[in-house]
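I have placed the structure first, in the form of structure tokens, so that the comments after it can refer back to it.
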Amino acid sequence: MEPLPMLEPASLARSAIDRNDMARGADGDLSELWQRPRVHGILAHRGYLLVASGGLLPVAEQQVPHDSTQIYLGVDDTDTHWIGIDLSDDGRAAVDASLAAQRDRDAVDFFDAPSSGIQAAEPTWLSLREIAEALSDRDVGLACELVAVGNWHRTHTHSPRNGAPTVPMRGGWVRRDSEAGSEHFPRTDPAVIMAVVHTDDDGTERILLGSNAAWPADRYSVLAGFVEPGETLENAVLREVWEEARVPCRNPRYLGSQPWPFPASLMLGFSAEAETLDFQADMVEISMLRWFTREELREQSASGAISTPGSVSIAGQLISAWLHNA
């Protein structure tokens, strides 16, 4: 196969934030940081972010509900510090009530302003998946940090060692067992995702796409799976393709990565060369497999016969890279 180019940072892989770990401090109290001259907060709730006028909506300390988890996210190129606020359900309700009261009090006229989506002048909650490509490099970097670490905080409130409650420390990047003193850090689950390509003797290339058992029958994507303990990334590529499709491969080649904080994955993109066109779907995760030439994939996508991932995910980026590599 013709080697695929390295992927340029796109969608969720973009960032323009210095995480500035030295400014996180030793405990979970960020009140001193809030007193600096240039500090803003951003709000998230269960993967949704508060946005307005094309970007994340900055908030001040007095707008943050007291029961929220605060995470120091870093500093941008204007020396502005950013604090992420992961809201509880009650905190989200309090923010919504405050926004409604402010809207009624100020009587702002939104008649000629965009009424929906990320460009809406009125603050609105949108999911990170929905707005990732519309956000600036700075905002998407902040959003990925906040959603990922916020997810971790909500699911790690107690120590896995003894069940004791844990409390945020080091600017929201550690949780400490208040009884034993042990420290627990955010987890990231590595997953490989691969463009599997077969090349005929005449040079014709085909890409292997599968339909997940939980998807509509016309939806196809590249194969993927989590890296197992004690396994290299390259071996994970070969194993996952064999387990899901019974296709032997060679030459796994790294192409790029993308955070996928839904809730805690890092997607590691690869290409791999298939040794045969024969396949067998595992019928557990994958219900259907198909080989596509570039012409077939373009035609069937354009006609609506099949759907493939968009460029918000590295899956769509891998497929696009192969389509344009002829």
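Things to note:
- Surface analysis of segment 273-326 yields an accessible area of 52 Å² per residue, using protein heavy atoms and a 1.4 Å probe.
- Rounded accessible area per residue of segment 1-93, 1.4 Å, Å²: 51
- Here the relative contact order of the chain, from alpha carbon pairs under 8 Å that lie six or more residues apart, stands at 20 percent.
- Annotation for Asp18 and Thr157: the two label points, set 7 Å from Cα along the Cα-Cβ direction, are 3.7 nm apart.
- Glu275/Glu2 FRET efficiency (R0 22 Å; Cβ-Cβ; nearest 0.05): 0.85
- Under 5 Å between amide hydrogens, built in the peptide plane, is the criterion, and for Met288 it picks out Ser211 among residues at least 5 positions away or on other chains.
- Remark: segment 1-63 carries a charge dipole of roughly 180 debye about the Cα centre, counting +1 on each Lys and Arg Cβ and -1 on each Asp and Glu Cβ.
- Per-atom-type breakdown for the chain gives carbon and sulfur 49% of the accessible area (1.4 Å probe, protein chains only).
- For segment 72-86, Karplus couplings with θ = phi - 60° (6.51, -1.76, 1.60), whole Hz, Gly/Pro x: 6, 9, x, 10, 9, 6, 9, 6, 8, 8, 10, 10, x, 10, 8
- Free of any chymotrypsin sites (Phe, Trp or Tyr not before Pro) that DSSP assigns to a loop and that have at most 12 other C-beta atoms within 10 Å, the longest stretch within the chain is 112-326.
- Take segment 168-220 with all the other protein chains still there, run a 1.4 Å probe, and you get 46 Å² of accessible area per residue.
- Couplings 3J(HN,Hα) for segment 8-20, derived from phi with the Karplus relation 6.51 cos²θ - 1.76 cosθ + 1.60 (θ = phi - 60°), are 6, x, 9, 6, 6, 7, 7, 6, 9, 10, 8, 5, 6 Hz, where x marks Gly and Pro.
- Other-chain or far-sequence residues with amide H under 5 Å of Ser182's (modelled H): Asp177
- Normalising the average separation of contacting C-alpha pairs (under 8 angstrom, six or more residues apart) by the number of residues puts the relative contact order of segment 164-208 at 21 percent.
- Expressed per residue, the C-alpha convex hull volume of segment 69-211 stands at 241 Å³.
- Dipole-positive endmost among Val247, Gly163, His40 within the chain (Cβ charges, Cα centre): Gly163
- Charging the Cβ of each Asp and Glu at -1 and of each Lys and Arg at +1, and nothing else, the dipole of the chain about its Cα centre rounds to 500 debye.
- Using the rule -39500 (n - 2.57) for each DSSP H run of four or more residues, divided by the residues of the chain, the 222 nm mean residue ellipticity is -7500 deg cm²/dmol.
- Translational diffusion of the chain, estimated by Stokes-Einstein from the Kirkwood radius over alpha carbon pairs at 20 °C in a medium of 1.002 mPa s, is 98 µm² per second.
The values are calculated or read from the model by the stated rules, or taken from the named source; none is laboratory data. Just so it is clear, the model here is predicted, and its values are computed rather than measured. Quick reminder, even Gly has a Cβ in these numbers, built from the backbone with ideal geometry, and neighbours come from all protein chains shown. Ligands, DNA and RNA are stripped out before the accessible areas are found, and what is left, the full protein with its side chains, is counted by its heavy atoms. Shrake-Rupley method; radii C 1.70, N 1.55, O 1.52, S 1.80 Å.
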